[in-house]
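Here's the structure, in structure tokens; my notes come after.
The values are calculated or read from the model by the stated rules, or taken from the named source; none is laboratory data. If you're wondering where the values come from, they're calculated on a predicted model, not measured in any experiment. Methodologically, a virtual Cβ is constructed for each residue, glycine included, from the backbone with ideal geometry; neighbour enumeration extends over all protein chains shown.
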Amino acid sequence: MRITSYADRLLEGLERVDFSGSMKDMQRNWIGRSEGAEITFNIQHSTSNITVYTTRPDTIFGVDFMVLAPELELVNEIKSAEQTKAVDDYITYVKSRSDRERMAEVKLITGCFTGAYAINPFNGKQIPIWISEYVLAGYGTGAIMAVPCGDERDFKFATHFNIPITNIIGEHFNGKEANPTKDAILENSDFLNGLVMRDAIKVANDKIEAMGIGKRKVNFRMRDAGFSRQRYWGEPFPIVWQDGVATALTEKDLPLELPHVAKYGPGPEGEGPLANITEWVNTPEGKRETSTMPGYAGSSWYFLRYMDPTNKEEFVSRKASDYWNSVDLYIGGTEHAVGHLLYSRMWTKVLYDLGYIGFDEPFKRLVNQGMITGKSFFVDGAIYSDDVIDKVIFKLQSHHSELPFPFVIKYDGINLKRKEIRGDVRLRNAHRYLDSNGRFTKSMFESYCEFEINYIIDFDKIFVDWDSQNKTESGEPYLNGIVIEKMSKSKYNVDNPDDMVEQYGADTFRMYEMFLGPVEQSKPWDTKGIEGVHRFLRKLWRLFFDELKGKVWNDEKANAAELKIIHRAIKKIEEDTERFSFNTAVSAFMVCVNELADAKCNKKEVLEQMLILLVPYAPHIAEELWHELGNAGSILDATYPTFNPQYLVETTKEYPVSINGKMRTTMNVALDASAEEVELLTLANEVVQKWLEGKAPKKFIFVKGKMINLVI
RNA sequence: GCGGGUGUGGUGAAAUUGGUAGACACGCUAGACUUAGGAUCUAGUGUCGUGAGACAUGGGGGUUCGAGUCCCUCCACCCGCACCA
């Protein structure tokens, strides 16, 4: 799927949407637009040439060598007779290395001289051509011009292989490290001499294009995406094949649905599971395509279908999509930043270009909820008895997913020995075995092991070896290798929400998630606090029904104090909800319920207002109590309460009184008192007089409605 | 390495515009009611100090009558990306 064709528009569209800065950065970074030039170099004693991509054509006179990706066919063409063996050996070496190894050993400098030379088109200088795995075949042209005085990797490469370095930036280059500046004045650079590099880029590009040896070029890091999967779960392609020709199904045969299958095994010759269902694959028109679409196919446009879900003619009518327009608010995680959220933006643009919808960005506003983090426990090594070391190590390396646990050992009581395992070893699901202080102690470890392993070994040794400083008050040792990280099945640090919903109900769970902290922040998951929210909902219920007395709610008229309580809540909850501050809104509900309980207010007039506010936070209990109050119809159709400021009007304020900025006492003063009146009251205050010690204050500061401060 | 974010009690956090730091909860300590409590209610709970008070928002500096909030600087942790020429 040619998402690269939309790269520029995907960048441009980011200017028009309300996404977080980091989300925009991640997408920009992923698209990875760079402006530069392609320059073609002739090769000495050869009719072939090399085209490199560079963003710094201004450094063309600092080129000391060229580097090709080892995979390029050109390498075999140009390698000299003397270097053939070395080049072939190097290519073999590169092929033997996995991507994993390459990534893990970025700092390892490897490479090989090809024996060939390129010619600098401006000064005719011979430039040795090397190959190295640090140049990627898939980006740009797979070839670079190396400028060691200005590029860190080029510099390290040159130093490693003793390639002489040309300095084109004078004192800006110290010979010890590259300087990637664009602000230096060029030297040793022929027609670019004396120019600031930033400006020289344009001059060099103009000259390169005028000479016909290259052209300006924009590159993207983003790649096109494969659009088929050898899997069962995914939309099937409405395509049949006959004699190698693909034909689309006619509309009367749509939609094409997945056939039901008994099992999902892979098909023959690496095909997907659908290939096993011959009665589905073989049609009179030919063989069906057996690959299915990737996950991002459906997720790229489902929100459009929601606008017109029963439409049998089109995926969405223009009338419906014009009415609903793009999504006003999307709440989702950053993990979709460069997948789903980029693909759906592209699809929307495609559908817009085809005229099917009238907007080209799917989501107007995007709020990223923070990740829920979990505690993971690690050990950096283990103690084994000799007879099982080999077995355990083998299991670690070859069956990592089946790894039982590094302490699965038979301890013979004598032959203990510490064996380092490469990398930390995760104690799977150890977070379920913590003491009340969240520590993984020796006794918790014992219950953990009974569950996981067959043999128990010398615990004291493990715990003491780990860190002898870690002791609980009772002297019990505990492990300290805790990492707070993303909660994830693959990290074995998850808690299943279903269990909590089972125990407390969906309202409690929902509200607790909101209560944890700001939506956009990542938060540690700790189920201890859930009790507080659950208690709140029970307390709310008791405003309506008493355990012994039954119904306690009544139809009495609310008094001023009660109206003040509920209107303060209306104001706060509405404001907090508007700014996505759900945690403080939940606390406002708690304050409201606490105050109503203290005031012994069980009045329907007040309570039903609160229930309507509560709908988005605890929908089930709100709906249920709404009906208990004798209301017909759903609470969802009730009118949202309107805040009335007159219930909150105050005539006096309890002012904080500070001396030199430090709060010393408070004073109740009428809100309409003048500054002069307040000053007299302040100076007469007992606490203030004590601090003044008979002296006159240097300065009196009064901020109406806020505070009083005396400088002495 | 580059980009983004976060640091406040024992814990999750609040403080929306520079104006009473710790709201609201969890946990903990007492007590009440109870055959019982994993129910409910009451009181207390940042640290030090008998007290008046002193010290407290990652560390250090600054601006201000006043700083969690603004400025400079350093540190730690988390999340992305990572040989992108």
(request) State whether the residues of the range A:85-106 include one that is touching a Phe, Trp or Tyr at 6+ places or on another chain (Cβ under 9 Å), modelled with pLDDT of 90 or more and of a type in the set (K, R). (result) no
A:E608 vs (1) among the charged types (D, E, K, R); (2) within 9 Å of RNA strand B (Cβ to nearest atom); (3) surrounded by 18 or more Cβ atoms within 10 Å (Cβ to Cβ): all pass except (2)
ask   = If you check A:Q503 against the conditions, is it in a loop (DSSP other than H, G, I, E, B) and at pLDDT 65 or above?
value = no
Within the range A:114-162, residues being of a type outside the set (F, W, Y) and more than 16 Å from RNA strand B (Cβ to nearest atom) number 11
Expected single match for under 21 Å from A:K215 (Cα atoms) and within 41 Å of the chain's Cα centre (by Cα) among A:L72, A:L108, A:L68 is A:L68
Condition check for A:I163: part of a strand (DSSP E or B), assigned by TED's automatic domain parsing to the domain that holds A:P70, among the aliphatic types (A, V, I, L, M) and out of contact with any helix residue (DSSP H, G or I) (no Cβ under 7 Å at 6 or more places or on another chain)
no
Checked the range A:142-162 for anything in contact with an Asp or Glu (Cβ under 8 Å, 6 or more places away or on another chain) and surrounded by fewer than 17 Cβ atoms within 10 Å (Cβ to Cβ); matches are A:E152
Residue hits (the range A:502-517; in contact (Cβ under 8 Å) with a residue 12 or more places away in the chain and either near RNA strand B (Cβ under 8 Å from one of its atoms) or of a type in the set (A, V, I, L, M) (or both)) are A:A506, A:M511, A:M514, A:F515, A:L516, A:G517
Of the candidates A:E628, A:E624, the one satisfying the condition of being among the charged types (D, E, K, R), in contact (Cβ under 8 Å) with a residue 60 or more places away in the chain and not assigned by TED's automatic domain parsing to the domain that holds A:K690 is A:E628
| Quick check: is even one residue across the range A:18-40 away from RNA strand B (no atom under 12 Å from the Cβ), on the phi < 0 side of the Ramachandran plot, at pLDDT 95 or above and of a type in the set (V, I, T)? | yes
Note: among A:V586, A:V591, A:V615, A:V533, just one is of a type in the set (A, V, I, L, M, F, W, C), assigned by TED's automatic domain parsing to the domain that holds A:L636, under 31 Å from the mean Cα position of the chain (by Cα) and surrounded by fewer than 20 Cβ atoms within 10 Å (Cβ to Cβ), namely A:V615
With criteria (1) touching a Pro at 6+ places or on another chain (Cβ under 8 Å); (2) in contact (Cβ under 8 Å) with a residue 60 or more places away in the chain, A:R223 comes up short on (1)
Of the listed residues (A:A200, A:A275, A:A204), the one being modelled with pLDDT under 90 and either surrounded by 13 or more Cβ atoms within 10 Å (Cβ to Cβ) or acidic (D, E) (or both) is A:A275
When restricted to A:T55, A:T59, A:T51, the only residue out of contact with any Phe, Trp or Tyr (no Cβ under 9 Å at 6 or more places or on another chain), surrounded by fewer than 20 Cβ atoms within 10 Å (Cβ to Cβ) and among the polar types (S, T, N, Q) is A:T55
Of A:G286, A:G267, A:G298, A:G339, the only residue that is modelled with pLDDT under 85 and not acidic (D, E) is A:G267
Taking the range A:43-91 and keeping residues within 16 Å of RNA strand B (Cβ to nearest atom), touching a Gly at 6+ places or on another chain (Cβ under 7 Å) and hydroxyl-bearing (S, T, Y) leaves A:Y53, A:T54, A:T55, A:T59
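Residue-by-condition table, conditions (1) among the small types (G, A, S); (2) within 30 Å of A:I573 (Cβ to Cβ); (3) modelled with pLDDT under 90; (4) within 8 Å of RNA strand B (Cβ to nearest atom):
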residue	(1), (2), (3), (4)
A:N644	no, yes, no, no
A:T651	no, yes, yes, no
A:Y655	no, yes, yes, yes
A:T665	no, no, yes, no
A:L671	no, yes, yes, no
A:T682	no, no, yes, no
A:Q689	no, no, yes, no
A:K695	no, no, yes, no
A:I712	no, no, yes, no
For the range A:664-683, the count of residues that are part of a strand (DSSP E or B) and surrounded by 12 or more Cβ atoms within 10 Å (Cβ to Cβ) equals 6
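So that you can scan it fast, the table gives a plain yes or no per residue for (1) away from RNA strand B (no atom under 16 Å from the Cβ); (2) not in a strand (DSSP E or B):
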{"position": "A:V240", "(1), (2)": "yes, no"}
{"position": "A:Y264", "(1), (2)": "yes, yes"}
{"position": "A:K287", "(1), (2)": "yes, no"}
{"position": "A:G298", "(1), (2)": "yes, yes"}
{"position": "A:S321", "(1), (2)": "yes, yes"}
{"position": "A:E335", "(1), (2)": "no, yes"}
{"position": "A:Y343", "(1), (2)": "no, yes"}
Within the range A:48-102, of all residues that are of a type in the set (G, A, S) and free of Cβ contacts under 8 Å to residues at least 24 places away in the same chain, the one nearest to A:F113 (Cα to Cα) is A:S96
Taking the range A:536-574 and keeping residues within 39 Å of the chain's Cα centre (by Cα) and either farther than 30 Å from A:V649 by Cβ or more than 8 Å from RNA strand B (Cβ to nearest atom) (or both) leaves A:L537, A:R538, A:L540, A:W541, A:I566, A:H567, A:R568, A:A569, A:I570, A:K571, A:I573, A:E574
Among residues of the range A:200-226 being more than 15 Å from RNA strand B (Cβ to nearest atom) and in a helix (DSSP H, G or I), the residue nearest to the chain's Cα centre (by Cα) is A:K202
Flagged in the range A:63-99 as hydroxyl-bearing (S, T, Y) and surrounded by 13 or more Cβ atoms within 10 Å (Cβ to Cβ), in numbering order, are A:S80, A:T84, A:Y90, A:Y93
Of those in the range A:512-551 that are of a type in the set (D, E) and under 29 Å from A:T334 (Cα atoms), the residue modelled with the lowest pLDDT is A:D526
Expected single match for in a loop (DSSP other than H, G, I, E, B), touching a strand residue (DSSP E or B) at 6+ places or on another chain (Cβ under 8 Å) and modelled with pLDDT under 95 among A:G175, A:G234 is A:G234
